[in-house]
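Remarks on the structure that follows.
Each reported figure results from applying straightforward, stated rules to the coordinates on display, with no laboratory input. As the structure is a computational prediction, the values presented were derived from the model and not from experiment. In this analysis, Cβ positions are derived from the backbone assuming ideal geometry, glycine residues included, and neighbour counts consider all displayed protein chains.
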Amino acid sequence: MNTVTQKETQPDLRTADQNQNGRQQFVTPEVNIFETKDGYVLQAEMPGVNKDGLDITLENNELTLHGRRGDQQPKATALWRESSLADYRRVFELDPAIDTGKIDAKIDQGVLTLRLPKSERVKPRKVTVSD
Amino acid sequence: MSNLTRWQRSDLSAWPGFGRLFGLRNELDRLFEPFAELTRGSQLLSVWNPAVDVFEDKDSIIVKAELPGMKKEDIDVSLHDGALSVSGERKSEEKFEDAETYRSERFVGRFHRTVTLPSPVSADKVKAQYKDGILMITLPKTEEAKPKQIEVNVA
């Protein structure tokens, strides 16, 4: 059975925001994915992103998460830096059973929660035998 | 999911080589079972090390930590001997009924980071704010630590 499997995405590069070709690099957010009988739940960590900086796009069964960090950079000199300034990005291939019209998203304290319900058509059901 | 295809008997098991191969596999699995238990999910052996940034301007030191998905009350910030400690615990998420886990990359558990501050700060004026999964701590420098303009009268 196909799942919300992850497709090939950009490598996780927390340091460089641009590589030598000047192409944009992204941070790959860590995710948890669960499947219940009604659908899937995907949680992605994007600290610094709020709902204004979030783009979720769906194209040909491919779900793309893109998060831009809000303005949380102090106007001061950086003495030590471990976090990245790069946007977050990750692409998933969706199980065709997902009802893409009913995907629900919310973001709270930098954690995006996506609920991807399965369409009624594919939910397990019992066929009763008529007399 | 399989299509509505005709059922076909698998003749693979008739090949004697497989039986021995699976036997060996089971043997190996049993041998490594204790280790597999240890490394499962890999979270038991690795620690949550949230990214920390330190900034400075003329009035204060600013420490920023990426702590997505925490509850404010589960974050502890303390100042001791010129070092700032940020620690806390992320409790495991709500469990979904009959859920099967496909990916589990997010950390659960305790973290602890300590930052040695580059200059003395007024402990009673420290402010912390938690927003969009980012903890921002502003530590005003003591009056003595702030850069001063010294006027020199040239005679």
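Things worth noting here:
- Between residue A:36 and residue A:102, the FRET efficiency from the beta-carbon distance, with R0 = 25 Å, is close to 0.95.
- Per-residue HN-Hα couplings for the stretch A:86-102 [Karplus 6.51, -1.76, 1.60; θ = phi - 60°; Hz; x = Gly/Pro]: 5, 5, 9, 7, 7, 10, 10, 9, 8, 4, x, 6, 6, 7, 5, x, 10
- Amide proton proximity set for residue B:60, modelled H, under 5 Å, gap of 5+: B:141
- Residues whose placed amide H lies under 5 Å from that of residue A:111, excluding near-sequence neighbours: A:46, B:69
- Here's how it looks for residue A:99: its modeled amide H is under 5 Å from those of A:118, A:119, which are all 5 or more places away or on a different chain.
- Residue mean of other protein chain beta carbons inside 10 Å, A:80-86: 5
- Peptide A:48-57, shielding by other chains (average Cβ, 10 Å cutoff): 2
- Evaluating 6.51 cos²θ - 1.76 cosθ + 1.60 at θ = phi - 60° for every residue in the stretch B:62-73, the Karplus couplings come out as 10, 10, 10, 10, 8, 10, x, x, 9, 9, 3, 6 Hz, glycine and proline recorded as x.
- Within 10 Å of the Cβ of each residue in A:67-74, the mean number of Cβ atoms contributed by other protein chains is 4.
- Zone of residue A:79's modelled label, taken as backbone nitrogen in the stretch B:125-142 under 12 Å from a point 7 Å along Cα→Cβ: B:139-142
- Residues in the stretch A:55-68 carry Karplus couplings, in order, of 10, 10, 10, 10, 8, 6, 6, 10, 9, 10, 9, 9, x, 9 Hz; the curve used is 6.51 cos²θ - 1.76 cosθ + 1.60 with θ = phi - 60°, and Gly or Pro positions show x.
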